[in-house]
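Note sheet for the following structure.
Please treat every number below as a calculation from the coordinates, not as lab data. Quick caveat: nothing in here was measured; it's all calculated off a predicted structure. FYI the Cβ positions are ideal-geometry reconstructions off the backbone, even for glycines, and counts take in every protein chain you see.
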Amino acid sequence: MNRRRFIKVVGFCSLFMHSWLRELFAAPGSTVAVARGADHAETTRKAIAALGGMQRFVKPGQTVVVKPNIGWDRAPAYAATTNPTVVRTVVEECLKAGAKKVKVFDRTCNDPRRCYASSGIEAALKGMKGVEVKHPEEERYKTVTVNGKALKEFEIYGEALTADVYINVPVAKHHGLSRLTLGMKNVMGILGGNRGAIHKNLDQALADVNSVFKSHLTIIDATRILTDHGPQGGDLRDVRVLNQIIASTDIVAADAYATTLFGLKPSDIAVTRTAYQRGLGEMNLDKIKIVKV
């Protein structure tokens, strides 16, 4: 082999090895599972299975919080609250994985008794062994130091803080202030105190909270979405049936993909954009592995 050819071969091998090593040691990217189907229980199970199954997140004997959106006195058809079938299926999967207890709650905006009943979530979970559906109790909120850009401290519900696993199950919908409310904003349901005050600097405040309190798994209910007059809704003409479930361990990536269901880009949503800029997850769709099942 002459010298020139030898140099070319060595150069090619070096380039190949560099590429191989880069792939081998690169940090794993964000994955978003997207499942479709009119059978919402089966669709939810498919989305969870695409991420490795609930046993990846929940271990035998653990306490799990499943946090849907129960914030409004609306029937499920209005897409203001999380689909009760989706919530029940997530809870069932937690129990199958060995959860000792599954707690379901939300700090509502309307009367909690009416919200829990109207949403259908209370009835969907009634009688399930090992499942606790309750209204948050004021004395159980704990002050947590945030030291963020908008918040120095805030009250977070104690049972969310002490749970082994926190699963965030929002409904995808329009919001009059933030344009959309998805996974990042659904975490407001575990906050106490004056939540209205954080709307003054909402994107930074939500980034502060989500940087301190992590969702282990985000499952976005897009079986039907609210396209206008959110977050409360009330007009069925604003509802679109999509029969989709979106799941990811990266809350920013989940929100980013869900944004496209509304004909928007992730960068159009300040909450998503700020979370990405602060390193809380990936919002660039071309860098997210999207698994459709």
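Pairs of Cα atoms under 8 Å, at least six residues apart: use those to get the relative contact order of the chain, whole percent. Before the final figure, lay out each step's value.
On the way: 634 pairs, mean separation 68.0, N = 293.
23 percent.
Report the rotationally averaged projected area of region 120-239 based on its alpha-carbon convex hull, in square nanometres. Present the calculation step by step, with values, prior to reporting the outcome.
Numbers: hull surface 33.2 nm².
Dividing the Cα hull surface by four gives the mean projection, 8.3 nm².
Residue by residue through region 155-162, which ³J(HN,Hα) values in whole Hz follow from phi under the Karplus form 6.51 cos²θ - 1.76 cosθ + 1.60 (θ = phi - 60°), with glycine and proline marked x?
8, 10, 5, x, 6, 6, 5, 8
Counting Lys +1, Arg +1, Asp -1, Glu -1, what net charge surrounds Asp235 among other residues with beta carbon under 14 Å of its beta carbon?
Numbers: positive: Arg74, Lys173, Arg224, Arg237, Arg240; negative: Asp228, Asp238.
It works out to a net charge of +3.
Show me, bin by bin at 10 Å from 0, the whole-percent P(r) of region 29-292 based on Cα pairs.
8, 34, 41, 18, 1
Taking the Cα centre of the chain as origin, sum charge times position over the Cβ atoms of Lys and Arg (+1) and Asp and Glu (-1), and report the length of that vector in debye to the nearest 20.
It comes to approximately 1140 debye.
Considering every Cα-Cα pair within region 214-254, what fraction, in whole percent, is farther apart than 15 Å?
On the way: 414 of 820 pairs.
Cα-Cα pairs in region 214-254 separated by more than 15 Å: 50 percent.
Report, in cubic angstrom per residue, the convex hull volume of the C-alpha atoms of region 93-164.
Details: hull volume 9.4 nm³, N = 72.
Convex hull volume per residue, Cα atoms: 131 Å³.
Summing +1 for each Lys or Arg and -1 for each Asp or Glu, what net charge is found among the other residues whose Cβ lies under 11 Å from the Cβ of Thr181?
Numbers: positive: Lys173, Arg179, Lys185; negative: Asp255.
Cβ neighbours under 11 Å give a net charge of +2.
If we sort 54-63, 185-194 on the protection proxy, mean other Cβ atoms within 10 Å, highest first, what's the order?
Numbers: 54-63: 16.6, 185-194: 20.0.
Final packing ranking: 185-194, 54-63.
Ala41 to Leu161: FRET efficiency via 1/(1 + (r/R0)^6), r the Cβ-Cβ distance, R0 35 Å, to the nearest 0.05?
Details: r = 30 Å, r/R0 = 0.85.
Here the calculated transfer efficiency is 0.70.
Apply the Karplus curve 6.51 cos²θ - 1.76 cosθ + 1.60, θ = phi - 60°, to the phi angles in region 108-122 and return the couplings in whole Hz, x for Gly and Pro.
My calculation for region 108-122 gives 7, 8, 8, 3, x, 5, 6, 4, 5, 6, 5, 5, x, 6, 4 Hz in order.
With a ≥ b ≥ c taken as the square roots of the eigenvalues of the C-alpha gyration tensor of region 169-293, please select rounded if a/c is under 1.5 and otherwise prolate if a/b is larger than b/c or oblate if it is not? Don't skip to the answer; put the middle values down first.
Values: a/c = 1.58, a/b = 1.07, b/c = 1.48.
The shape class here is oblate.
At each listed q (0.20, 0.26 Å⁻¹), what is the log10 of I(q)/I(0) that the Debye formula gives for region 157-218 modelled as equal alpha-carbon point scatterers?
Debye intensities relative to I(0), on a log10 scale: -0.81, -1.30.
What are the residues whose amide H is under 5 Å from the amide H of Leu180, where those residues sit 5 or more places off or on another chain and H is modelled from the backbone?
His175
Output wanted: per-residue J couplings in Hz (rounded whole) for region 64-79, from phi through Karplus 6.51 cos²θ - 1.76 cosθ + 1.60, θ = phi - 60°, x for Gly and Pro.
Listing the rounded values in order: 10, 9, 10, 10, x, 9, 10, x, 10, 7, 9, 6, x, 4, 7, 6 Hz.
Summing +1 for each Lys or Arg and -1 for each Asp or Glu, what net charge is found among the other residues whose Cβ lies under 13 Å from the Cβ of Lys46? Numbers along the way, then the final one.
On the way: positive: Arg36, Arg45, Lys292; negative: Asp39, Glu42, Glu93.
Net of charged neighbours comes to 0.
Rounded to the nearest angstrom and ordered from largest down, what semi-axes does the equivalent ellipsoid of region 52-144 get from its C-alpha gyration tensor (root of 5λ)?
23, 17, 11
Residues of region 233-264 with amide nitrogen under 20 Å from the 7 Å Cα-to-Cβ point of Leu285?
From region 233-264, the list is 240-264.
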